[in-house]
Amino acid sequence: MNCDATALVVIPNAESAFAHLLKHAEEHDVVLDKTGPRDFKILVGKSHIAIGMDDTALSLTISAETISILYFLKEAAVQHLAEISPEAAESLRWEDENAGASDQTAPPSFHELSLVSTSEPMDGLIRVRLTGATEIAALAGPGIHVKLMLPEIPGRAPVWPEASHNGVTKWPDGDDVLHVRYYTIKALDLKTGEIDIDIVRHDGGVIADWAAAARPGAKIGLLGPGGGEVPDNAKRVLLCGDKTALPALARMLETLPDGVHGNIVAEAATLDCLKAYLPATGLRLHALPEARFRQEIEMYSERVTTAEKPDFAWFAGEHKNAQTMRKLFKGELGLKKGEQYAITYWRDGASLEAN
């Protein structure tokens, strides 16, 4: 059952605001459904944001698979509106089942979790097993990506985010500022109420350092889940990623429809290491070690698809690699929006903290 929310935004120059939002959507890699001259939809998996216009106002309608995805889409809609009219964005109020909630409540998809244990599922990855006092069934999806958060100042008691009426998260500031990064839920056990998240081991990352040193009972915040591009109708796929993307690749393999074939090209020391980490699959596995991955991923991916081009392609990893892979997907492979995703999980020279 979908979760829905609506809002009417009275705004000066509604026609100009509508045109701005439509142009922004057309220029970015989103799936767009132009339903008419005065309305359009941005499709996000099986969810969507519908934007309509009359002479004095914009109408926003969001339909989402879960309350968590609804929250993320409401926030995205308000943030884009704020680029046109901060006043309209601030005064916006949503009509949905959470519309009467206090400004001082946590976002509906927020969980405070405690560390149960850590392990090493593959060289270079730290697996944190987490549990919480609240029901975690909502973390089972749809959606596989979550935001993990910790205080920027190590050892400081956390002040968690709050939800505002307009759908934008109110984040703590000053000494209470939080360090927030995206990760992927690798596994979830509803019987035990525990989830696993795999984090790339590296020095200097707030969350990576926490995962390496934390003791059972240590607290961490989580917001989500949302996102996760699964090829529902594809028959031939190309799935690629460096070590930061391995958890997402594993989750995608678990949900691929029957009959899908193709290739996985991923960063791993050996093919055996890759096979041990990923679930069993009929797709052909290709392992590129760290020393070769960033230099060879585009050429290698093009080579394995020479005989049979995919009808869905996915990459996640370093920013420059994502840019070149997007060109490959759109150019050589001829894939359209919704048929290909090339996602930046981290940038060379910046914090390596996104899975």
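Quick one: among Tyr183, Tyr345, Tyr277, which has the greatest mean-square fluctuation in a GNM of the chain with alpha-carbon springs under 10 angstrom?
Tyr277
If the reach is capped at under 29 angstrom between alpha carbons, list the lysines near Lys170, excluding any in the same chain fewer than eight residues apart.
Lys23, Lys41, Lys46, Lys74, Lys147, Lys186, Lys219
For a quick check of understanding: with a 1.4 angstrom probe and all protein chains in place, what accessible area in square angstrom does Arg326 have, to the nearest ten?
So the heavy atoms of Arg326 present about 70 Å² to solvent.
Each residue of segment 331-341 in order: what ³J(HN,Hα) in whole Hz does its phi give by Karplus 6.51 cos²θ - 1.76 cosθ + 1.60, θ = phi - 60°, with x for Gly and Pro?
Here the 3J(HN,Hα) series is x, 4, 8, x, 8, 9, 4, x, 9, 8, 9 Hz.
Using a 1.4 Å probe on the protein chains only, how many percent of the accessible area of the chain belongs to carbon and sulfur?
Of the solvent-accessible surface of the chain, carbon and sulfur hold 50 percent.
Report the charge-dipole magnitude of the chain in Debye, nearest 20, computed about the Cα centre from +1 at each Lys and Arg Cβ and -1 at each Asp and Glu Cβ.
That gives the chain a dipole magnitude of about 960 debye.
Whole Å is fine, so just give me how far the alpha carbon centre of segment 131-169 lies from that of segment 225-253.
Answer, in whole Å: 23.
Only bridges whose two residues both fall in the chain count here: according to DSSP, what percent of them are antiparallel, nearest 5?
Of all bridge pairs located within the chain, approximately 75 percent are antiparallel.
Keeping every protein chain present and rolling a 1.4 Å probe, give me the accessible area per residue for the chain in Å².
Accessible area per residue: 47 Å².
Going by the alpha-carbon gyration tensor, a ≥ b ≥ c the square roots of its eigenvalues, is segment 1-100 rounded (a/c under 1.5) or, if a/c is not under 1.5, prolate (a/b greater than b/c) versus oblate?
oblate
Using +1 on the beta carbon of Lys and Arg, -1 on that of Asp and Glu, and nothing else charged, what's the dipole of segment 234-320 about the Cα centre, debye to 20?
The dipole magnitude comes to about 80 debye.
Determine the relative contact order of the chain: mean sequence separation of Cα pairs under 8 Å and six or more apart, normalised by residue count, in whole percent.
It rounds to 14 percent for the chain.
5 Å is the cut-off here: which amide hydrogens, built 1.01 Å from N in the peptide plane, fall below it relative to Arg127, excluding neighbours closer than 5 in sequence?
Ser119, Glu120, Ile199
Connecting C-alpha atoms closer than 10 Å in a GNM of the chain, tell me which of Glu298, Glu87, Glu162 has the biggest fluctuation.
In the Gaussian network model the winner is Glu87.
Given a 1.4 Å probe and the protein chains all in place, what does the accessible area of Thr306 round to, in Å² to the nearest 10?
Approximately 100 Å² for this residue.
Given 37 °C and 0.692 mPa s, compute D for segment 28-154 with the Stokes-Einstein relation, Rh being the Kirkwood radius over Cα pairs; round to the nearest whole µm²/s.
186
Can you sort His80, His286 by solvent-accessible area, 1.4 Å probe, largest first?
Solvent-accessible surface, decreasing: His80, His286.
Ignoring ligands and nucleic acids, what accessible area does Ile136 show with a 1.4 Å probe (Å², nearest 10)?
That residue has around 10 Å² of solvent-accessible surface.
Let me check something: with ligands and nucleic acids excluded, how do Met299, Met53, Met325 order by accessible area (1.4 Å probe), largest to smallest?
Met299, Met53, Met325
Binned at 10 Å from 0, what are the whole-percent values of the Cα-Cα distance distribution for segment 158-200, short to long?
P(r) over segment 158-200, rounded to whole percents: 21, 30, 38, 10.
Using only DSSP helix segments of four residues or longer, with each worth -39500 (n - 2.57), what per-residue ellipticity at 222 nm results for the chain after dividing by its residue count and rounding to 500?
-7500 deg cm²/dmol
Would you give the gap between the C-alpha center of segment 171-199 and the C-alpha center of segment 304-346, rounded to a whole Å?
Each part's Cα centre sits 28 Å from the other's.
What Kirkwood hydrodynamic radius do you get for segment 79-203 when you take the inverse of the mean 1/r over all pairs of distinct Cα atoms, in Å?
For segment 79-203, the Kirkwood estimate is 16.7 Å.
Using the C-alpha atoms of segment 228-355, what convex hull volume per residue, in cubic angstrom, is computed?
Numbers: hull volume 12.4 nm³, N = 128.
Output value, Cα hull per residue: 97 Å³.
Contour minus end-to-end for Asp173 and Thr105, with contour as 0.36 nm per residue of separation and end-to-end as the Cα-Cα distance? The partial results should precede the final answer.
On the way: separation 68, 0.36 × 68 = 24.48 nm, distance 1.69 nm.
Between Asp173 and Thr105, full extension yields 22.8 nm more.
Using 0.36 nm per residue, how much length does the chain from Arg303 to Leu190 gain when fully extended, once their Cα-Cα distance is taken away? It would help to have the intermediate numbers written out before the result.
Working: separation 113, 0.36 × 113 = 40.68 nm, distance 4.12 nm.
Taking Arg303 through Leu190 to full extension adds about 36.6 nm, to one decimal.
Using 0.36 nm per residue of separation minus the Cα-Cα distance, give me the extension gain between Ala133 and Ala213 in nm, one decimal.
The Ala133-Ala213 span can extend by a further 26.5 nm.
Limiting things to C-alpha atoms, what are the Rg and the maximum Cα-Cα separation (Dmax) for segment 128-272, in angstroms?
Looking at segment 128-272, its Cα Rg and Dmax stand at 17.1, 52 Å.
The values are calculated or read from the model by the stated rules, or taken from the named source; none is laboratory data. Not measured: the values here are computed from a predicted model. Please note: Cβ atoms are built from the backbone with ideal geometry, for glycine as well, and neighbour counts cover all protein chains shown. For the accessible areas, the whole protein counts, side chains as well, though only heavy atoms, and no ligand, DNA or RNA atoms are used. Shrake-Rupley method; radii C 1.70, N 1.55, O 1.52, S 1.80 Å.
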